[in-house]
Amino acid sequence: MTRRFKVLVFLVVLMLLSAGSMVVVWAQQDDDPVTILGPWTDDQADQFETVLRDFGIPFEYQGTAAQREVLLSKVQSGEPPDIAIMPGVGELAEYADQQRLKSLDDLFSEEEYGSPWKSVSESAGHVYWVPVKADLKSIVWYREDDPPARAPAPLKSWCMGMGEDGASGWPGSDWIEDLVLQREGPDVYGKWALGEEGGEWTGKAVRTAWEAWAGLLRQDKEAARRALLTDHRGEPDKNGLLFDGPDGCSLEHQGSFARSFYRSMRTHAKLTDSAPLLPGGRHEVRAHEVTGDFAALFSDRPEASALIERLASREGQQKWAETAGVFSANRLVRAHGGAVEEDIARRLTGKGPRCLDASDVMAPTVRDAFYEAVLLTIARAAAGEDLGIRGLLKDVQEVQDEQRTSGSAPRTVCSTR
């Protein structure tokens with residue numbers, strides 16, 4: 001090898017090494033966008049991105065109705081997003097157990113989040129998630145010109161759909177959760193949600209609630225069949241089941257997010273407590289079920305931490321509420337809208353017992369078995385078959401028994417106020 005050729009080889013190697021180190025440095029640049037996976041698509045995704053732009057932190061948002069599956073795929077491929085926003089904490093608790101989540105300690109002012117929102121964040125001695133959007137359940141929507149009687153209504157009066165892009169059957173789980181909550185109270189409900197003794201699937205509390213709901217379904221096979229095949233949001237570009245559903249339906253057991261389904265008719269929708277209208281007899285309001293979308297951190301990038309901090313702050317939550325008309329679990333955030341919105345916000349963060357959505361708290365395998373049992377109950381009712389409720393609940397209990405207790409599961413499900 002000549003001296004000249006040796007010098008040429010050395011220069012080429014030096015250039016390659018320099019290029020390689022440039023690539024490494026570039027990959028670690030702080031101005032790479034923060035990647036976010038969340039549940040909001042279409043208009044609400046645009047509104048969410050509008051809020052994020054005000055923070056001045058570059059980001060890349062991906063919205064999907066199947067965020068559970070998308071997140072699992074990204075985690076398994078070794079490329080999780082910096083931030084994931086999930087509906088409920090059952091799945092996030094499993095990621096925390098796997099030590100995939102980063103602590104959010106001191107990233108938001110916990111005194112601004114009352115119970116049960118605050119308690120759900122304190123898992124295994126650390127904060128692993130924070131609610132960035134909240135919704136109220138244990139309510140029934142009706143048209144303002146057609147208020148309901150204060151008594152249980154027949155199946156044909158209910159606008160009911162079980163369809164969902166990501167997890168069909170959850171609207172039925174809301175019925176059963178609400179029945180357990182209003183009939184038995186927060187203590188039994190919380191034990192059931194956490195899989196603790198006294199809240200077994202095969203116990204009287206869950207079984208009788210399930211039977212009450214099944215009794216409603218068996219009133220009308222055609223209505224049960226329609227509910228099984230109908231999307232809970234109604235048909236695209238219409239005003240939801242309450243306004244464009246089947247003839248005769250005038251009540252909808254649905255969360256506060258249903259306002260977005262009603263589109264141009266949303267100002268004509270009113271709400272009332274669900275307890276007196278639930279099947280199996282008139283019930284008193286024992287508590288309200290609530291749900292939320294929780295942000296969790298999968299990376300230790302300071303930019304990602306800063307984005308969650310700003311989103312969870314009073315200012316960030318107020319901007320989100322005003323931009324998209326959503327609700328916050330932050331009790332310092334003012335409701336945006338009229339009397340209905342103020343009523344929802346008061347029940348979300350004010351006085352009165354509140355319980356997190358039970359299926360959102362459950363481990364994913366238990367939650368999925370719950371949804372499957374709901375769908376089987378409706379299908380059998382539509383076919384006029386024996387419902388086999390005891391067998392269904394026994395199957396779910398077996399799934400629960402095989403589930404390892406999560407060390408990062410919420411400590412409490414219900415507030416005590």
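Every number in this text was worked out from the coordinates using simple rules, so none of it is lab data. Note that this is a predicted model, so its numbers are computed, not measured. A quick note on method: Cβ atoms are made from the backbone with ideal geometry, for glycine too, and the neighbour counts reach across all protein chains shown.
Before moving on, here are some points about what is shown:
- Gap separating the Cα centres of region 210-268 and region 312-377, nearest whole Å: 20 Å
- 13 Å reach of a label modelled at Gln98, 7 Å along Cα-to-Cβ, counting backbone N of region 42-76: 68-76
- With a cut-off of 12 Å between beta carbons, the residues surrounding Gly198 carry a summed charge of -3, where Lys and Arg count +1 and Asp and Glu -1.
- Comparing Cα centroids, region 48-120 and region 142-167 end up 32 angstrom apart.
- Across all directions, the average flat footprint of the convex hull enclosing the Cα atoms of region 151-201 is 4.7 nm².
- Label assignment, Rg and Dmax of the Cα atoms in Å derived from the structure, set (i) 24.8, 75; (ii) 20.9, 67; (iii) 24.1, 99: (iii)
- For q = 0.24, 0.29 Å⁻¹, Debye-computed log10 I/I(0) when each Cα of region 348-410 counts as one equal scatterer: -0.99, -1.20
- In the chain, the DSSP beta bridges split such that about 70 percent are antiparallel, to the nearest 5.
- Two tests apply to each whole DSSP H helix in the chain, Cα reach of 24 Å or more along its axis and mean Kyte-Doolittle hydropathy of at least 1.6, and the ones passing both are 3-27.
- Vicinal HN-Hα couplings computed from phi for region 233-243 (Karplus, 6.51 cos²θ - 1.76 cosθ + 1.60; Hz; Gly/Pro x): 8, x, 7, x, 6, 10, 9, x, 5, 5, 10
- The alpha carbons of region 284-409 stretch over 53, 42, 25 Å along the principal axes, in descending order.
- Size-normalised alpha-carbon gyration radius of region 122-219, reference 2.2 N^0.38 Å: 1.29
- Val290 long-range amide H proximity, modeled H, under 5 Å: Lys137, Cys355, Leu356, Asp357
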